[in-house]
Structures are given as C-alpha cells and as structure tokens.
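Take a look at the structure set out below.
Bear in mind these aren't lab numbers, they're just calculated from the coordinates by the rules spelled out. Here the structure is a predicted model, which is why all the values come from computation and not from measurement. Backbone-built Cβ (ideal geometry, glycine too); neighbour counts: all protein chains shown.
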There are 2 protein chains.
Amino acid sequence: MCEWFYPGKMTGKQFPSVWLREPRKTTSPGRSREEIVRAAMELLDAEGLHGLSMRKLGAKLVTGATSLYWYVANKDELLELVYDEVWGEVRLPESETAHWREFASVMAHSMRQVILRHPWSADLIGRLPALGPSALSLTDRMRRILKTAGFRGADVDYATATLTSFVYGFTIPEVAWKSSMGEGYDIPAMHDIAARAARDFPDLAADFAVEQSEDPQVMREVAFDFGLVSILDGLEARLVT
Amino acid sequence: MCEWFYPGKMTGKQFPSVWLREPRKTTSPGRSREEIVRAAMELLDAEGLHGLSMRKLGAKLVTGATSLYWYVANKDELLELVYDEVWGEVRLPESETAHWREFASVMAHSMRQVILRHPWSADLIGRLPALGPSALSLTDRMRRILKTAGFRGADVDYATATLTSFVYGFTIPEVAWKSSMGEGYDIPAMHDIAARAARDFPDLAADFAVEQSEDPQVMREVAFDFGLVSILDGLEARLVT
DNA sequence: ACCTGAACACCGTTCAAGT
DNA sequence: ACCTGAACACCGTTCAAGT
C-alpha cells in the first residue's frame, strides 16, 4: 500500500526504486528475477527478515552470493520485489459496486491476514517505497471506492491513511511480538510476569488478573473488529458533513 | 505503552525482561546502569538503532565492549531500559478530571512527537516487552480515564488498542521512511518518480499531480488530526450504546 | 553475458584469564 | 567485583578476474 504524502526536503538525493529501472534484458541462460524472488520469499517465510542473507539465498539457488548482484542492484531492490508480491495477496471484493464500508472492512482484514502470513513484511512498511503494480492497484481501487462514496479531495488521502494506519499499528507490533518471542511461550508465566511488573499499579494488576481467563487470540480478533468498526463509524461522520 | 493481550501458546519458554531481574548491587566504582543508558540514548538519537553497537557504546564509555555485559545481560535488556525512557517523555494533561477525549488527544499527539524525536524507538514497539515504570504508568492513567468516561470491561482494552494502533500505524512507517531515505531528498524528483511508477493508473497519477503543490509536512499533521478525530468520534459512538 | 572468490569493515556474545 | 582480548560465526557489498 502506498501513502504518498511522506515528508521530505527540497534538497538531496532522489530515492531509488526497482520499479523504475529496466530489468536486465535476460536471455535467461542462468537465473531469473522471478526465480530469485520466489526463493527469497520462501527463505523469508521460513526464517524471517534476518534469515534472508545474500549468502543463504545464493546457496539455495546453487550460486555464489555475489552472482545475485547481476539481477538486482542490492538487497533492498530484492526486498522491493518480494514486498510487492505480498500486496498482491490481498483479496478485495470483486464487485465494483461494493459499499465503501464493506470494501474497507474486507481490505483491512485481508491486509492484516497477509501481514500475519508474511511477518517479515511488517518491517518493510514505510522502509521501502511501495511502487510495485500490486501496491498501486490496491491504492487505486481503495481511492476509487472512497470517491464514489463521496469523499472529496485530500479527504480521500486522509481516510485511506486512517484506515491503513490502524491496520499497520495493530498488526506490526503483533508480528514483532510473535517473532521476537518465538512462536510458543508460556501464557500463565507471561501473566505472572506482567502481574509482578505491575505491582506498583494495583488497578492494572487487578485487570491483568481478571482478564487472565480470556483467550488472547480471540481477544485480538474482537479488538480488531472493535477498532475497525469504530473507525468506519468515525469516517462516516466525516462523510455526512 | 503496554498492550497485554498478545497471542501466545500454552507451552514454551517464558519471556525475559530487565524489569524482573534485580540489577547488580553496585558499589559503583566503575560504570553504572544510568550512565550506560544515557550514553546509549545519545548514540541512538545520533545514529539510530543500527548505530548502536556494543563496541561503539563501549568506546564512548572508554571501556571494552564486553565490559557492558556486567551491567546488562544482553543488548535487548539495554534496549528495554532506553525504551522506557522514551515513554517517560510522553506528556499528559496534569488534571485528573480531564475529559477523556481531551486526554486521549493529548496523549496521541505526545506519543507521536516522542516517537518522531526518537525514531529508533519505532522499531522496538512490540519487539520488547513494555513493562518499565513509565510505560505502565501511561497505560494505567489512560485506562483510568476511560473507565471514568464509562468504558467497561474489555472495552477499555479495545479502546486503548484502537487509539495506540492508530498512533503507531501512522508514525512507524513515517519514521521508517525518514530514516531509510535520509533526512533530505528531492521532493519534485519524488513526485516525478511516483508519477512514472503510476503510469498504468491514470487516476492515481492525476491525483499525484494535483496534490504536488501541497506541503507534505502540513498534510501529515492534518491527516493525523483527521484520523484522530474520526477515531474519537467512533469510540464515542461505542460509549453511548 | 554471466559467475567467481577474496577482501573489507563490520556485528552480538562467550569465555577463560586477569586484577 | 569488575574488566579484558581473543575467538566464533556471522553480515552486505565491491572488485578484479575469470569464462
């Protein structure tokens, strides 16, 4: 997904993007970009962002690490390519006439699922330009739906930013947590630790204790829906004015 | 800020936190934790998360890198300590009787400013447990205000998560962008690049062109306020039900 | 046109050894 | 109680050289 109004200065270097360089005209006797991207995706899904190194990727493709630099200027360019694949997995309502709330809701849920499926992508949001075809197409459809719904001018940007910010802010820390803690850790022990840390905050400690019985997985889903509905209500209020 | 309902499994290791280990009883002939944390903060602010290495920090304190391991179990523990300092900089309304919307608004703006001031902290959100005194105190006050306003049970968690998710999701990509692009880059060149990348999406390209004249810095502030007000409206709707 | 290996300048952490 | 330096197993990228 693409948010274009990022801050900058009038001076300085321009930013590079794979999508603006012609790929090497490949007679493809050897590797190909697609092959490299696919292998990188597998490595990323299996071992995370830190698990992808040029050396490992080279090994997986039975080449020297440095051979990859023939196809790709550097690691960031490679990541840009894989990053766009991720946005390509977002599923939207087929219909062009979907109601904007329905559309936004489906998109938000799908974006979250896609990030959860590729946790490493969370670390790339904002770090890499999202100028690939999939990211742009997503942005384009969302904006068209919002315009049809009645949003005008910069409000289209603002509404999009509000929605995507919520999805990102809900999901990025979640996957960061998961990958830093490893997949499995001890829930009761975690509650015990939280309770001990909160010993100087009795209300907090009490709430921790009460909600210990809830399933955190379920709570996260409910929390996401709660936030999403709140935001859609809030955006709708902007619309009627 | 602390969100406790992160997912986990019933098995596996428990997570570690500095806040649950007694610090070494220091007779302080040599370094101290405070000194180390202060130096780390300076290094982080000056050079970012990648700029902080145990070797550089050691050099700054005129010690061997490995000496630091006497005061801190590992780099993550050190980061946990500096991380809490960041939350300590969030400014809230003094009054205990502030209206919840006012409170939430001030908190959201302050959190954003603090993250912008310490961009490296964005990468730690979710990755490290936020169990330090400053983080807990922030969580505690927010929750008390929401309860006073009428939020009940898990809605207190959900409302907090909605608000903080928006702040995180708005700010994390923003600072990621800034630090990956460097401080200054060429705005017109950026627009040119975006336009060229969007050549297959005429509506998108047209909007890029129109909004080229806006100041991105200003737009970001307006966008943040737009999103924040929308969310507060949406949360208020949950309240009256 | 494509691939290679050596080299550079880094990492976090462990550990035996020193004072 | 505190500090040290060597060592281990890594990084991304450059570059001259090969085929």
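Report ³J(HN,Hα) in whole Hz for each residue of the range A:213-225, in order, from the Karplus equation J = 6.51 cos²θ - 1.76 cosθ + 1.60 where θ = phi - 60°; Gly and Pro get x.
Result, rounded to whole Hz: 6, 6, 7, x, 4, 5, 4, 5, 5, 4, 4, 5, 5.
Which residue, B:P133, B:P173, B:P202, has the most motion in a Gaussian network model of chain B that connects Cα atoms within less than 10 Å?
B:P202
Shielding by partners for A:87-93, please: the mean number of other protein chain Cβ atoms within 10 Å of each residue's Cβ.
Partner-chain Cβ atoms within 10 Å, mean over residues of A:87-93: 0.
Is it possible to state the helix-based mean residue ellipticity at 222 nm for the protein assembly as shown, with each DSSP H run of 4+ residues giving -39500 (n - 2.57), the sum divided by total residues, to the nearest 500 deg cm²/dmol? What is it?
Rounded to the nearest 500, the figure is -19500 deg cm²/dmol.
Mind computing the radius of gyration and Dmax over the alpha-carbon atoms of chain B? Å is fine for both.
21.3, 69
Exposure proxy check: B:V210, A:V90 ranked by fewest other beta carbons within 10 Å?
By the 10 Å Cβ count, ascending, the order reads B:V210, A:V90.
Quick one: Debye curve from the alpha-carbon atoms of the protein assembly as shown only, equal weights, vacuum; give me log10 I(q)/I(0) at q = 0.09, 0.10, 0.13 Å⁻¹ to two decimals.
Here log10 of I(q) over I(0) equals -0.65, -0.81, -1.36.
If the limit is 32 Å between Cα atoms, which of A:K75/B:K75; A:K178/B:K56; A:K56/A:K178 go over it?
none
To one decimal in nm, how far is A:G88 from the same spot in the other copies, if labels go 7 Å from Cα toward Cβ? Please give the shortest first.
4.8
If you keep only loop residues by DSSP, which trypsin sites (Lys or Arg not before Pro) in the range A:164-234 have at most 13 other Cβ atoms within 10 Å of their Cβ?
Taking the range A:164-234 and a limit of 13 other Cβ atoms within 10 Å, the loop trypsin sites (Lys or Arg not before Pro) found are A:R199.
Using the 7 Å Cα-to-Cβ label point, sort the distances from A:E34 to its equivalents in the other copies shortest first and give them in nm to one decimal.
6.3
Based on Cβ point charges of +1 for Lys and Arg and -1 for Asp and Glu, what charge dipole magnitude is obtained for chain B about its Cα centre, in debye rounded to the nearest 20?
Dipole size: approximately 1320 debye.
Give me the Debye-computed log₁₀ of I(q)/I(0) at q = 0.24 Å⁻¹ for the range B:145-241, equal point scatterers on Cα only, no solvent, two decimals.
Reported log10 I(q)/I(0), two decimals: -1.27.
Please turn the phi angles of the range A:40-57 into ³J(HN,Hα) values with the Karplus equation 6.51 cos²θ - 1.76 cosθ + 1.60 (θ = phi - 60°), one per residue in order, whole Hz, x for glycine and proline.
Whole-Hz 3J(HN,Hα) from phi for the range A:40-57: 5, 4, 4, 5, 5, 5, 7, 10, x, 4, 6, x, 8, 10, 4, 5, 5, 4.
Towards the positive end of the charge dipole of the protein assembly as shown, with charges on Cβ (+1 Lys, Arg; -1 Asp, Glu), say which of A:A195, B:L57, A:F5 has the farthest Cα.
Of A:A195, B:L57, A:F5, it is B:L57.
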